[in-house]
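Enquirer: Quick one: structure below, then a few questions.
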Amino acid sequence: MLLVASFLISFDRDNVYLLVYFSYEKAMNTFGRYFRITSFGESHGPAMGVVIDGCPAGVPFSTSLLREHLDRRRPGKFPWQTSRTETDEPKVLSGVFEEKTLGTPIAVIVENKNQRSRDYTAIKHNPRVGHADDLWKDKFKHYDYRGGGRASGRETVSRVIGGAVACMFLKEVYKNFQVLAYSTQIGPHSLAECDEDALWLNPGKIEEFSAYFPHKDSEKVKQMLIQAKKEGQSYGGKAVIKIKGAPKGLGQPVFHKLKSDFAGALMGIGSVHAVSIGSDEKDSTGQEFHKKSSVYGGIRGGLSTGELIELQVSFKPPSSLGAVAKEGRHDPCVIPRALPVLEAMIYLVMADHALAKRLDHV
């Protein structure tokens with residue numbers, strides 16, 4: 001981070017005042033203030049990776065937990081997903097010793113082993129509809145067009161690594177902390193109800209449902225997505241994220257309210273185009289709306305209330321369609337693989353605010 005000083009000189013009849021403002025200018029591939037990650041790598045480069053800075057020393061480091069988070073995001077696991085298969089085996093390069101964090105930067109990479117760059121030769125001069133190919137070329141003049149480069153969903157592997165380490169930290173400071181995310185709509189299929197209690201008791205149970213859509217209709221969703229992949233079709237939808245065990249008072253008004261940091265973190269994920277928090281009862285009167293505290297989604301005045309936090313995230317359909325989708329390797333719906341990315345960004349925001357809260361008072 002670069003520390004920038006701004007100066008303001010003020011006068012009155014008898015005095016001259018020199019005010020100095022300090023602010024941090026950070027690189028645009030860095031996320032967080034106290035618990036920070038810097039993501040690096042291109043979709044078809046040698047590796048993807050992340051540097052995690054600000055994680056306190058002494059946090060138990062679980063390689064198995066890291067692998068678990070990465071495996072949920074990993075491409076090529078299911079028949080409707082991209083046929084690009086990556087093992088996403090993490091290599092920890094620094095910051096960990098004897099299975100505990102050192103308080104120094106933690107660097108982790110995963111190698112790219114299954115690139116097929118020839119699929120993207122045509123887009124070097126013919127940008128794809130709905131993608132950022134033309135915008136990146138106009139902005140940077142020289143960029144890696146293979147697989148979208150940094151604009152590829154492949155970049156999110158770095159966020160998941162950072163989120164896994166943030167999860168390790170949060171489980172140490174908040175013993176009952178838990179995050180649950182699942183699909184609530186994929187194309188025309190909407191989730192009317194699910195056994196959420198069972199999911200909280202056993203988060204791994206979500207793996208039993210196709211596309212992480214916890215309903216008996218998940219098999220229909222699976223068949224729809226398989227057909228969509230064959231036809232070069234795509235679908236959008238929605239996901240829900242719920243957070244248990246967060247203490248009261250997380251959030252830093254006025255410009256780093258918990259809700260605004262959540263929104264920024266989630267909107268920074270490709271294909272996300274809307275984020276809402278709490279109840280969406282637009283038609284109710286104020287008297288009706290404010291009867292239950294649950295409508296606030298666990299956040300009031302930008303601060304966590306200690307209650308269940310609930311967020312809804314909407315996704316647009318992927319832009320790769322028709323021949324482009326068939327010839328390249330693309331997902332007809334990103335939501336199932338985006339869920340661990342959503343969770344990762346929640347972990348990162350919560351870890352950042354957990355550290356910030358330590359500065360609230362003496």
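The values are calculated or read from the model by the stated rules, or taken from the named source; none is laboratory data. A quick note: this is a predicted structure, and the numbers were derived from the prediction, not measured. Backbone-built Cβ (ideal geometry, glycine too); neighbour counts: all protein chains shown. The area values use the complete protein model at the heavy-atom level, side chains included, leaving out ligands, DNA and RNA. Shrake-Rupley method; radii C 1.70, N 1.55, O 1.52, S 1.80 Å.
Enquirer: What accessible area per residue, rounded to a whole number of Å², is obtained for the chain using a probe radius of 1.4 Å?
Expert: With the other protein chains kept in place, the chain gives 52 Å² per residue.
Enquirer: What's the tally of Lys pairs in region 252-361 whose alpha-carbon atoms lie under 24 angstrom apart, where the two lysines are 8 or more places apart or on different chains?
Expert: 13
Enquirer: Separate question: Would you kindly state how much longer the chain becomes between residue 92 and residue 362 on full extension, computed as 0.36 nm times their sequence separation minus their alpha carbon distance, in nm to one decimal? Please report the intermediate quantities before stating the final value.
Expert: Working: separation 270, 0.36 × 270 = 97.20 nm, distance 3.60 nm.
Extra length from residue 92 to residue 362 when fully extended: 93.6 nm.
Enquirer: To the nearest 10 square angstrom, how much accessible area does residue 355 have with a 1.4 angstrom probe?
Expert: 20 Å²
Enquirer: Which one of 77, 139, 244 has the biggest mean-square fluctuation once the chain is modelled by GNM with Cα springs under 10 Å?
Expert: 139
Enquirer: What figure, in Å² to the nearest 10, do you get for the accessible area of residue 102 with a 1.4 Å probe and non-protein molecules left out?
Expert: Approximately 90 Å² for this residue.
Enquirer: Roughly speaking, to the nearest percent, how much of the chain's 1.4 Å accessible area is carbon and sulfur?
Expert: Exposed carbon and sulfur together represent 53 percent of the surface.
Enquirer: Sticking with this one: Could you give the length gained by full extension between residue 316 and residue 113, i.e. 0.36 nm per residue of separation minus their alpha carbon distance, to one decimal place?
Expert: Details: separation 203, 0.36 × 203 = 73.08 nm, distance 2.86 nm.
Gain on extension, residue 316 to residue 113, equals 70.2 nm.
Enquirer: For region 172-214 and region 227-275, what is the separation of their C-alpha centers, rounded to whole Å?
Expert: About 15 Å separates the Cα centre of region 172-214 from the one of region 227-275.
Enquirer: Short version: ³J(HN,Hα) in whole Hz for each residue of region 201-214, in order, from phi by Karplus 6.51 cos²θ - 1.76 cosθ + 1.60 (θ = phi - 60°), x for Gly and Pro, what are they?
Expert: After applying 6.51 cos²θ - 1.76 cosθ + 1.60, I find 5, 9, x, x, 5, 4, 5, 6, 9, 4, 6, 6, 9, x Hz.
Enquirer: Computed over the Cα atoms of region 231-282, what is the convex hull's projected area averaged over all directions, in nm²?
Expert: 5.8 nm²
Enquirer: If I take R0 = 41 Å and measure r between the Cβ atoms of residue 172 and residue 287 in this structure, what FRET efficiency does the formula 1/(1 + (r/R0)^6) give, to the nearest 0.05? Display every interim value, and only then the final one.
Expert: Values: r = 43 Å, r/R0 = 1.04.
Step by step, r from the Cβ atoms, then E = 0.45.
Enquirer: If DNA, RNA and ligands are ignored and the probe is 1.4 Å, what is the ranking of 283, 144 by accessible area, most exposed first? Working shown, then result.
Expert: Working: 283 155, 144 40 Å².
Correct descending sequence by accessible area is 283, 144.
Enquirer: In debye, nearest 20: dipole of the chain around its Cα centre with unit charges on the Cβ of K, R (+) and D, E (-)?
Expert: For this selection, approximately 620 debye.
Enquirer: How would 101, 87 rank on accessible area, largest to smallest, probe 1.4 Å?
Expert: 87, 101
Enquirer: Show me the helices of the chain, taken as full DSSP H stretches, that run 27 Å or more along their long axis by Cα and average 0.0 or above in Kyte-Doolittle hydropathy.
Expert: In the chain, the long hydrophobic H runs are 335-357.
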